[in-house]
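Read the structure below first, then the notes.
Bear in mind these aren't lab numbers, they're just calculated from the coordinates by the rules spelled out. All values derive from a computational prediction rather than experimental measurement. So basically every Cβ, Gly included, is an ideal-geometry build from the backbone, and we count neighbours across all protein chains shown.
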Amino acid sequence: MTSNMSDTNNHGEEISDDAYATLIRNEFQLDSLGERLQKIENETATMKDKWRRGDEIMRDFTDSTKDTKVNQPVNYVTLAENV
């Protein structure tokens, strides 16, 4: 049995029902993969932003302790205000 499926870009060529079903199934799977890839990209961007902010906080923290000498007491209240 054949079908003329006008939405398959076959320019009017007839294809079997099985072939059409396979095309539709593969199209659905590709759409699902596209959605999953988009979610992964969004999560990756979120994690990169968190890592960047964490790096900035660590940099600020280490910069605030550079002038502290080993034998000097650390003012943790001031240090906490800078972080």
Under 11 Å from the Cβ of G34, count the other residues' Cβ atoms, weight Lys and Arg +1, Asp and Glu -1, and hand me the total.
-> -2
Spin-label point model (7 Å from Cα, Cβ direction): what's the N75 to W51 distance in nm?
-> 3.6
Which net charge results when you count Lys and Arg as +1 and Asp and Glu as -1 among the other residues whose beta-carbon is under 12 Å from that of K50?
-> -1
